[in-house]
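Undergrad: Have a look at this one.
The values are calculated or read from the model by the stated rules, or taken from the named source; none is laboratory data. A quick note: this is a predicted structure, and the numbers were derived from the prediction, not measured. Using ideal geometry, Cβ is built from the backbone for each residue, glycine included, and neighbour counts are taken over all protein chains shown.
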Amino acid sequence: MIVTTKELFQQAYGKYAIGAYNINNLEQTMGLFKGNVDSQAPFIVQLSKGARSYSHKRMLEMMMTTADEIFPDAVFAVHLDHGDEETCMDCISSGVYSSVMIDASHHPLEKNIEITKRVVDAAHAKGLVVEAELGLLKGVEEDVHAADHVYTKPEEAEYFVKQTGCDSLACAIGTSHGAFKFHGDQKLRFDILAEIQKRLPGFPLVMHGSSSVPQDEVARINAAGGEIKGASGVDASQFLGAAKLGVTKINIDTDGRLVWCRVHREFFRDHPEKFDLRDPGKVFIPEYAKFIAAKNVLLGSAGRLGEVRAALKK
Ligand code: G3H
Ligand code: 13P
Ligand code: ZN
């Protein structure tokens with residue numbers, strides 16, 4: 001069942017976070033749905049601009065509606081990840097997405113508000129909800145490069161949410177996208193989340209760049225011919241602490257890519273004679289499902305499907 005993120009956040013707020021997982025292809029989609037149904041978790045499917053152009057945006061939309069049919073137990077939102085205004089408008093009119101992210105965080109505050117507000121108005125008119133972003137994550141976010149973190153300012157967050165009417169807010173607290181997040185100890189600014197929660201009680205916050213980059217996964221990739229050096233991620237034991245401070249959505253993409261990379265490197269190392277793409281695919285789908293189910297336990301979303309379904313019926 002496709003629902004809005006708002007409906008999921010209402011249930012999760014203060015207790016647990018919903019996993020928001022990026023997908024690009026058929027195998028990821030099958031593993032993602034299987035893993036969430038197996039672990040009885042509501043979830044968010046994220047489609048990035050890159051994913052939409054990798055195959056075709058309509059192909060991904062059809063996969064979402066088909067997955068909805070073949071996994072009747074799944075409760076999920078279909079969400080555009082890091083959209084610009086044009087892409088948001090296309091998703092709003094698609095009839096498949098239930099949520100879009102407008103990422104105008106690289107613009108000055110008033111311009112970010114102006115663009116976000118236009119998207120919010122268009123989305124709300126069609127029953128979709130909107131995630132916006134304030135602050136910049138260090139590194140590359142879609143086409144924008146930030147040399148350092150620009151942490152979200154709590155007073156600006158309060159003003160921004162009131163001006164735009166957005167439904168959730170991505171905050172920059174020290175995470176970054178990709179597999180190389182920290183040099184030395186990780187420093188996440190939970191004090192910023194606490195201050196935003198004080199100013200915006202009950203308002204859903206989002207953590208981007210939250211892959212954990214498991215060291216055993218990186219080691220297996222490297223043992224099978226990879227060369228990934230100096231990778232590090234977010235300590236997943238922090239997820240529930242973030243949830244208590246109002247984080248209802250935690251974005252994970254890189255960890256899924258690492259699972260894909262490990263399975264395929266090991267498969268072709270161990271079976272040099274094989275060349276049928278379905279052979280590693282048959283290994284990847286259940287491995288990805290296992291990964292998703294384990295992640296949902298850490299997020300606290302595993303086992304919540306029953307209560308979420310009951311709340312949706314009311
Ligand atoms: O925030 C970025 C996500 O990990 C999506 O990555 O733009 O390469 O699809 P992508
Ligand atoms: P990771 O690169 O840490 O998986 O973050 C993904 C993300 O924030 C997608 O928007
Ligand atoms: Zn992101």
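Undergrad: Has the range 219-242 got any residue that is more than 25 Å from Val100 (Cα to Cα), touching a residue at least 60 places away in the same chain (Cβ under 8 Å) and surrounded by 15 or more Cβ atoms within 10 Å (Cβ to Cβ)? Lay out the reasoning, then the answer.
TA: Taking the range 219-242 as the starting set, the residues that turn out to be more than 25 Å from Val100 (Cα to Cα) are 219-233, 235-238, 241.
Add one more test, that the residue is touching a residue at least 60 places away in the same chain (Cβ under 8 Å), and what stays is 236-237.
Right, trim to surrounded by 15 or more Cβ atoms within 10 Å (Cβ to Cβ) and you get 236.
Yes: one or more hits.
Undergrad: Do you know which residues across the range 75-118 are assigned to a loop (DSSP other than H, G, I, E, B), under 30 Å from Glu307 (Cβ atoms) and either in contact with a strand residue (DSSP E or B) (Cβ under 6 Å, 6 or more places away or on another chain) or in contact (Cβ under 8 Å) with a residue 40 or more places away in the chain (or both)?
TA: So in the range 75-118, the residues assigned to a loop (DSSP other than H, G, I, E, B) come out as 75, 84, 93-98, 103-108.
Of the ones still in play, those that are also under 30 Å from Glu307 (Cβ atoms) are 75, 94-98.
Hits for the range 75-118 are Val75, Val96, Tyr97, Ser98.
Undergrad: Looking at His106, His79, His124, can you tell me which residue is farther than 30 Å from Gln40 by Cβ and within 14 Å of ligand 3 (Cβ to nearest atom)? Steps first, please.
TA: On the way: His79 fails: farther than 30 Å from Gln40 by Cβ; His124 fails: within 14 Å of ligand 3 (Cβ to nearest atom).
Checking each option against the conditions leaves just His106.
Undergrad: A further question follows. Output the residues belonging to the range 35-74 that are on the phi < 0 side of the Ramachandran plot, among the polar types (S, T, N, Q), at pLDDT 95 or above and outside any helix (DSSP H, G or I).
TA: Residues satisfying the conditions are Ser39, Gln46, Ser48.
Conditions tested, residue by residue: (1) among the aliphatic types (A, V, I, L, M); (2) loosely packed, with under 13 Cβ neighbours inside 10 Å; (3) within 16 Å of ligand 2 (Cβ to nearest atom); (4) farther than 24 Å from Tyr16 by Cα.
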position: Asp255; (1), (2), (3), (4): no, no, yes, no
position: Leu258; (1), (2), (3), (4): yes, no, yes, yes
position: Arg262; (1), (2), (3), (4): no, no, yes, yes
position: Arg265; (1), (2), (3), (4): no, no, no, yes
position: Phe268; (1), (2), (3), (4): no, no, no, yes
position: Phe284; (1), (2), (3), (4): no, no, no, yes
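Undergrad: Additional query: So in the range 218-253, with the set limited to residues that are within 13 Å of the chain's Cα centre (by Cα) and hydrophobic (A, V, I, L, M, F, W, C), which one is nearest to ligand 2 (Cβ to nearest atom)? Can you show your working first?
TA: Looking only at the range 218-253, we keep the residues that are within 13 Å of the chain's Cα centre (by Cα), and these are 247-253.
Filter again for hydrophobic (A, V, I, L, M, F, W, C), leaving 247, 250, 252.
Values: Val247: 13, Ile250: 9, Ile252: 5 Å.
Step by step, filter the range 218-253, then rank; the result is Ile252.
Undergrad: Check the range 260-271 and report whether any residue there is in a loop (DSSP other than H, G, I, E, B) and farther than 30 Å from Thr5 by Cβ.
TA: At the first step, the residues of the range 260-271 found to be in a loop (DSSP other than H, G, I, E, B) are 271.
When the remaining residues are screened for being farther than 30 Å from Thr5 by Cβ, the result is 271.
Yes.
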